[in-house]
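What follows is a single structure, written as structure tokens, with notes after it.
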Amino acid sequence: MKQGFNLINGKWFSTSDYMEVTNPATEEVFARVPLSGEAEAAEAADAAYEAFLKWSKETAETRSNVLYRWHQLITEHRKEIAEIMTMEQGKPFDEALGEVDYANQYVKFYAEEATRIKGEIIPASSKNKRILVQKEAVGVVAAITPWNFPAAMITRKLAPALAAGNTVLLKPSQETPLTAIRLVELAEQAGVPAGGINILTGSSREITCVWQADSRVRKITFTGSTPVGKQIMKDAADTMKKISLELGGHAPFIVTEHADIDKAVQGAMSSKFRNGGQACVAANRFYVHERVAEEFTNRFVEEVKKLRTGNGMEKSTTLGPLINQKAVEKVEEHIADATAKGAVVLTGGSSKSSAGFFHEATVLGNVTDDMLCMYDETFGPLAPITTFKTMDEVISRANHTPYGLAAYVFTENIAEIMELSGSLEYGIVGVNDGAPSTAQAPFGGYKESGLGREGGDHGIHDYLEVKYVSLGF
Ligand code: SIN
């Protein structure tokens, strides 16, 4: 049985109680990690605060060099990290490798960005004054990360936080703690000082309550569900912490009559089936113009039928298991609800009865907006297709949701591109692009999909305070 450890102030440790880690492809427990709680959370906050006082005073170049080394170590260990990820999260090994590389892009990007944090000198209205604006690290940052992208959601938070001079308290998801632990081991090896990153696995509630109550923790960054994000936002108000929230989505995928259907099918495959649909940016509902609906649907179904469901460690697998039984049941519930209301299953439709949390890639036709899958995030391999007639109609239907993370538009018509990208109330619009996520770009949502941006230079500003120094002479 593999054993993971927690880290506080440069010391790795275990606890007498522990949590088990299950492989979702086999349902076998293959590892265990500590069950840290309130005492460890308080100790970690002390360590992070002490470390902050020194790390924030290091030169930008020193911090940048540490991040470059971390990037190098992740590159050297990419296969090992990907294997851990597939074991605990389920995604096919090649996809896990892709995620490690994607995660590592953030480390490199913020190694570069660390040296580009600049201030300003603003013309003053008095001759004997100067207005200086400088950027400073926020302080101790608590990062709470999800299971669906066990590496990328960590580096997307930790790399900019460290680059800006903050120190980190990391609480990874209970389902995928081992990828997180391995990344932190490598960060330590790269030269992040004791207390710079502290990682705790265990009770989310106990750990985050301590961090929320601690006024030295100046920022909480969270990726996960909208209800939990709302609670974090409320709790952060007591000590007026900064917050970054990357929450749920319900992405519309629009194919107009002027779309290149090959591109649209490719885009649909990547935006829907990346990580088996377990992504906040996953296409959740497909709106296809009635003139091209038959062609798009037939070709999409053909491609979906080629997906091979199985254990992510098998070479032939292109669709892994879902994270747990509850996730399978949610897909089943959405299919049952839709078919009861008149949808037809065009391919797939079933879950597997043998071991592993598998559900077939499923496409539904004859879908209407009153079906659960058209307003509730499925987080699984289900693609419901409906048709539309006019641009106004599709814009209104696509925006009719409390979410606003990602939307996709497929058309070759420039007027349609401008109209749709301008009218969709979403933080990310993929135009003829089913995979817009990248380290250089700002990732984040409108409405109940969250607050703040991660990635790009926007992603580091969320970890900085602005200080105005009024200099009289
Ligand atoms: C997510 O959807 O949870 C994040 C995926 C990404 O970075 O693209």
Sparse-neighbour loop sites [GluC sites (Glu not before Pro); the range 366-473; at most 14 other C-beta within 10 Å; DSSP]: GLU412
Any chance you could check the Cα centroid distance between the range 31-107 and the range 157-236 for me, in angstrom? 10
Using only helices, what value at 222 nm comes out for the chain when you add -39,500 (n - 2.57) per DSSP H run of length 4 or more and divide by the total residues, to the nearest 500 deg cm²/dmol? -12000 deg cm²/dmol
Linear extension gain, HIS458 paired with ASP101, 0.36 nm per residue minus alpha-carbon span: 126.4 nm
Percent breakdown of C-alpha pair distances by 10 Å bin, ordered from the shortest bin, for the chain: 4, 20, 29, 25, 15, 6, 1, 0
Mind checking which lysines have their Cα closer than 25 Å to the Cα of LYS467? Skip sequence neighbours fewer than 8 apart in that chain. LYS54, LYS57, LYS118, LYS127, LYS129, LYS135, LYS157, LYS219, LYS241, LYS242
Fully extended contour minus Cα-Cα distance, from GLU465 to GLU302, at 0.36 nm per residue: 53.5 nm
Relative to the longest principal axis of the C-alpha atoms of the chain, give the angle of the C-alpha long axis of helix 152-163, reported between 0 and 90° and rounded to the nearest 10°. 20
With a 1.4 Å probe and all protein chains left in place, how much of the accessible area of the chain comes from carbon and sulfur atoms, in whole percent? 51
Label-point gap, in nm, between ALA237 and THR26 - each point 7 angstrom along Cα→Cβ: 4.8
Low-density loop cleavage sites - trypsin sites (Lys or Arg not before Pro) in the range 389-456, where at most 13 other Cβ are within 10 Å (DSSP): LYS389
Compute the helix-to-body angle for 93-113: its Cα long axis versus the longest principal axis of the chain, expressed 0 to 90° and rounded to tens. 40
What would the Debye formula give as log10 I(q)/I(0) at q = 0.17 Å⁻¹ for the alpha-carbon point model of the range 108-264, no solvent? -1.00
If you average over every viewing direction, what projected area does the convex hull of the Cα atoms of the range 251-439 give, in nm²? 10.4
Set the Förster radius R0 to 51 Å, insert the Cβ-Cβ distance between LYS352 and ALA39 as r into 1/(1 + (r/R0)^6), and round the FRET efficiency to 0.05. 0.75
Pulled fully out, how much extra length does the chain show between LYS57 and VAL345, if you take 0.36 nm times their separation in residues and subtract their Cα-Cα distance? 97.7 nm
Can you give the % of DSSP beta bridges in the chain that are antiparallel, to the nearest 5? 45
Provide the solvent-accessible area of PHE5, counting protein heavy atoms only and rolling a 1.4 Å probe, rounded to the nearest 10 Å². 80
Under 5 Å, built H, 5+ apart or other chain: amide partners of ASN9: GLY195
Quick one: angle between helix 293-305 and the longest Cα principal axis of the chain, in degrees between 0 and 90, rounded to 10, please. 70
Between GLU136 and PHE5, what's the calculated FRET efficiency when r is the beta-carbon distance and R0 is 41 Å? Round to 0.05. 0.80
Rg(Cα)/(2.2 N^0.38 Å) for the range 224-319, N = residue count: 1.47
Using the Karplus equation 6.51 cos²θ - 1.76 cosθ + 1.60 (θ = phi - 60°), what ³J(HN,Hα) coupling, rounded to whole Hz, does each residue of the range 4-17 give in order, writing x for Gly and Pro? x, 10, 9, 10, 10, 6, x, 10, 7, 8, 10, 10, 5, 8
Förster-model FRET efficiency, 30 Å R0, ILE261 and ALA415, C-beta, rounded to 0.05: 0.95
Cα-Cα over 31 Å: which of LYS263/LYS389; LYS234/LYS389; LYS171/LYS263; LYS230/LYS389? LYS234/LYS389; LYS171/LYS263; LYS230/LYS389
Convex hull volume per residue for the range 2-159, taking Cα atoms only, in Å³: 148
The chain - accessible surface per residue (Å², probe 1.4 Å): 40
The range 302-382 - Debye-derived log10 I(q)/I(0), Cα point model, q = 0.22 Å⁻¹: -1.02
Using only C-alpha atoms and all pairs of different ones, pull out the Kirkwood radius for the range 48-88 in Å with one decimal. 12.2
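The values are calculated or read from the model by the stated rules, or taken from the named source; none is laboratory data. Everything numeric in this text was worked out from a predicted model, so none of it was measured. Here the Cβ is made from the backbone with ideal geometry for all residues, glycine too, and neighbour counts use every protein chain on show. Quick note on the areas: whole protein, heavy atoms, side chains included, nothing else; ligands and nucleic acids left out. Shrake-Rupley method; radii C 1.70, N 1.55, O 1.52, S 1.80 Å.
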